[in-house]
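One structure is given below, encoded as structure tokens.
The values are calculated or read from the model by the stated rules, or taken from the named source; none is laboratory data. Keep in mind that this is a model prediction, so the values were computed, not measured. A quick note on method: Cβ atoms are made from the backbone with ideal geometry, for glycine too, and the neighbour counts reach across all protein chains shown. Heads up: the accessible areas ignore ligands, DNA and RNA and are worked out on the full protein's heavy atoms, side chains in. Shrake-Rupley method; radii C 1.70, N 1.55, O 1.52, S 1.80 Å.
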Amino acid sequence: MLVAAFREEGSVVVRQPEGLISVLLDRAARIDERDDAAMDLEAYSGELVVKALVEVASSPVEDELVLDSAAESLGRILARDGGCPEGLLASLRPDAKRIVEEVLRASRQVE
């Protein structure tokens, strides 16, 4: 399901994917909100989205649920948008790297 280009938060209109990125990177937000944001970001492309997901997937202190969703979304974005930039996988935590690699492998099997 694609998220709308804009959503209202109170009286403020937040552009997507920037709103999702801000929730994902907000360590004060609830884990389920951050996890939902990580999953929803899969619908988007671009440097800001990839950078935010990499930040989460490379953090040594990230919650496992959020980390797994961020890594899965990152893998799907990379598979959809044409591959993995050199050095990106090396920057991820080993558990996140494994998830991204699994998603990339699975996408190649379907093609």
* Hey, could you check the stretch 28-48 for residues that are of a type in the set (A, V, I, L, M) and farther than 16 Å from L67 by Cβ and say which is surrounded by the fewest Cβ atoms within 10 Å (Cβ to Cβ)? => A28
* What do you reckon, is R105 basic (K, R) and more than 15 Å from the chain's Cα centre (by Cα)? -> yes
* **Qualifying position, being at pLDDT 95 or above and not aromatic (F, W, Y), among R76, R105** => R76
* Pairs under 7 Å by beta carbon, first residue under 15 Å from M39 (Cα atoms) in the stretch 75-101, partner at pLDDT below 95 and part of a loop (DSSP other than H, G, I, E, B), six or more apart or different chains? -> I77/S45; L78/C84
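For (1) more than 17 Å from I31 (Cα to Cα); (2) modelled with pLDDT of 95 or more; (3) open to solvent by 30 Å² or more (accessible area, probe 1.4 Å); (4) in a helix (DSSP H, G or I), each residue gets a yes or a no:
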| site | (1), (2), (3), (4) |
| --- | --- |
| K51 | yes, yes, yes, yes |
| E55 | no, yes, yes, yes |
| P60 | no, yes, yes, no |
| L65 | no, yes, yes, yes |
| S69 | no, yes, no, yes |
* Every residue from the stretch 20-49 that is farther than 21 Å from G87 by Cβ, not in a helix (DSSP H, G or I) and not aliphatic (A, V, I, L, M) -> D26, R27, R30, Y44
